[in-house]
Amino acid sequence: MLFRSRVGSFLTFALAGLLCGVWTARMPALADKYRIDEGEVGVAVLVWGLGALAAMQGLRGVMARAGSRTVLRLALPLTALAYAAVALAPSYGVLLVAVALFGMAFGVTDIAMNAQASVVEQAYRRPVMSGMHAGWCVGAMCGGLVAVLTAAVGLGFTRTVLAAGLSALPAALALGRTYLPDPAAPAGTAGAGRRGRLPAAVYLIGALAFIAFMAEGSIADWSGLLLHEEMGASQAVAALGYPVFELAMLLGRLVGDRVRARLGTRRMLAGAGVGTALSTAAVVLAPAAPVALAGFFVTGLVVCTVVPTTMSLAGTAAPGRSGAAVAQVGAMGYGGLLLGPVVVGFLSDATSLRVGVGVVVVLALLIAAGARLVPLDAHADVAAARPAAADADEPEPVALAA
């Protein structure tokens, strides 16, 4: 039962990543379909992000009351339908409405799948969150491959995105049968705590998520331009920056849970922060593109565990309100994802791209410093609590709410 739920959560992350991968990689086809320029494409992307952010923040109470299983069973199929609606939008104005709906549905799916992954992790009593986020990387890379293949055979934006959305719908419905119910609230918290302000620890974890998302987004969005404009790389070589970073993220997340179980949460976060600062410094100081590409790979390898860990910590920071806590941390993280590339852009305009991307060094050092402050419950610092669990084949059973 637990293994099936773990696979189901992994595939949910992969499905969400695939939809985003296709959507992102077919942006040029979207521009061609509606005959819009880069600025108008940017507006569409911004509308999507704001829709996701608003839904994450606004539906925090729904997550607290209904639980991740119920919300995810509804949100994931709705995401697939909204995705299909984006493909069928007849005009740019209608597209923006459809994109807003897609963003909102996706935002709810994102927080619900992270909350569900936290439920699975608590049932396993050992870290599994990084493995779930590895599913996202797999899906995003597969989505990019689908986009390349459909472009190669001449399929336009409408057919590609519609096919992806309609294919995702039955998969989303089937995955709903694998989810676990949320744990029962501890005695004395069932009635209280469903509304009102979350514990301060949730906002501290959210601040770390904000910084981590900001760092990831900055590297993802500006790696190509840094390689091309500052280091003279060809467009083909510059285009390698993002996939190299994503590949490293995938590899790091596949082993991230074992690293966390062995080192402990605080030491892993501190090491990730210092490692990210050093590798990003190597990128911005690189004399040539090959050195920078190696730096991007190492950066992806070490920064990749921070976001999954913040989601894992959020799931245990507010007993009885894990869904609401994950929603809050997710919303704060997405705020960083939207803000990071903008900050780098302004700094780059005022100085240079090397200085702009160099802000990630500062962000990484903040992660390392903040690692000392993160709250840990009995299951969070698993290296100390259950040193043998990382190698166990089956977890101990945990009582869950029906």
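Numbers at a glance
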| item | result |
| --- | --- |
| Which listed residue is β-branched (Val, Ile, Thr), in contact with a helix residue (DSSP H, G or I) (Cβ under 8 Å, 6 or more places away or on another chain), within 24 Å of residue 341 (Cβ to Cβ) and open to solvent by less than 30 Å² (accessible area, probe 1.4 Å), from 22, 47, 71 | 22 |
| Residue list for region 7-59, filter: of a type in the set (A, V, I, L, M, F, W, C) and not in a helix (DSSP H, G or I) | 36, 59 |
| Odd one out for residue 233, checked against (1) more than 22 Å from residue 365 (Cα to Cα); (2) touching a Phe, Trp or Tyr at 6+ places or on another chain (Cβ under 7 Å) | (2) |
| Sole residue being closer than 15 Å to residue 354 by Cβ and small (Gly, Ala, Ser), chosen from 292, 270 | 292 |
| Region 345-358 residues that are more than 17 Å from residue 276 (Cβ to Cβ) and free of Cβ contacts under 8 Å to residues at least 40 places away in the same chain, paired with ones that are in a helix (DSSP H, G or I) and open to solvent by 60 Å² or more (accessible area, probe 1.4 Å) (beta carbon under 7 Å, 6 or more apart) | 347/355 |
| Selection count where residues are open to solvent by 40 Å² or more (accessible area, probe 1.4 Å) and small (Gly, Ala, Ser), scope region 50-60 | 2 |
| Only one of 325, 282, 286, 270 that is part of a helix (DSSP H, G or I), small (Gly, Ala, Ser) and open to solvent by less than 10 Å² (accessible area, probe 1.4 Å) | 325 |
| All positions within region 239-276 that are in contact (Cβ under 8 Å) with a residue 24 or more places away in the chain, aliphatic (A, V, I, L, M) and closer than 15 Å to residue 141 by Cβ | 240, 244, 247, 248, 249, 250, 251, 254 |
| Residues of region 197-224 satisfying the condition of being touching a residue at least 60 places away in the same chain (Cβ under 8 Å), part of a helix (DSSP H, G or I) and not hydrophobic (A, V, I, L, M, F, W, C) | 203, 206, 216, 217, 218, 221, 223 |
| Matching residues, region 25-35, being in contact with a helix residue (DSSP H, G or I) (Cβ under 6 Å, 6 or more places away or on another chain) and either over 16 Å from residue 147 (Cβ atoms) or basic (Lys, Arg) (or both) | 26, 33, 34 |
| Residue under evaluation residue 279, criteria (1) hydroxyl-bearing (Ser, Thr, Tyr); (2) without any contact (Cβ under 8 Å) to a residue 40 or more places away in the chain; (3) over 20 Å from residue 208 (Cα atoms), criterion not met | (3) |
| Number of the exception - residue 154 against (1) open to solvent by less than 20 Å² (accessible area, probe 1.4 Å); (2) small (Gly, Ala, Ser); (3) over 19 Å from the mean Cα position of the chain (by Cα) | (1) |
| Conditions (1) farther than 16 Å from residue 16 by Cβ; (2) in contact (Cβ under 8 Å) with a residue 24 or more places away in the chain: number failed by residue 80 | (1) |
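Yes/no per residue for (1) among the hydroxyl-bearing types (Ser, Thr, Tyr); (2) more than 21 Å from the chain's Cα centre (by Cα); (3) within 21 Å of residue 165 (Cα to Cα):
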position	(1), (2), (3)
1	no, yes, no
17	no, no, yes
20	no, no, yes
74	no, no, yes
85	no, yes, yes
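Listed here are the residues, each with its yes/no results for (1) of a type in the set (Ser, Thr, Tyr); (2) under 13 Å from residue 269 (Cβ atoms).
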{"position": "338", "(1), (2)": "no, no"}
{"position": "342", "(1), (2)": "no, no"}
{"position": "348", "(1), (2)": "yes, no"}
{"position": "353", "(1), (2)": "no, no"}
{"position": "360", "(1), (2)": "no, no"}
{"position": "365", "(1), (2)": "no, yes"}
{"position": "368", "(1), (2)": "no, yes"}
{"position": "373", "(1), (2)": "no, yes"}
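The values are calculated or read from the model by the stated rules, or taken from the named source; none is laboratory data. Small disclaimer: the values here were computed from a predicted structure and weren't measured. Note: ideal-geometry Cβ built from the backbone for every residue, glycine included; neighbour counts use all protein chains shown. Side chains are part of the model used for accessible areas, which takes the heavy atoms of the whole protein and leaves out ligands, DNA and RNA. Shrake-Rupley method; radii C 1.70, N 1.55, O 1.52, S 1.80 Å.
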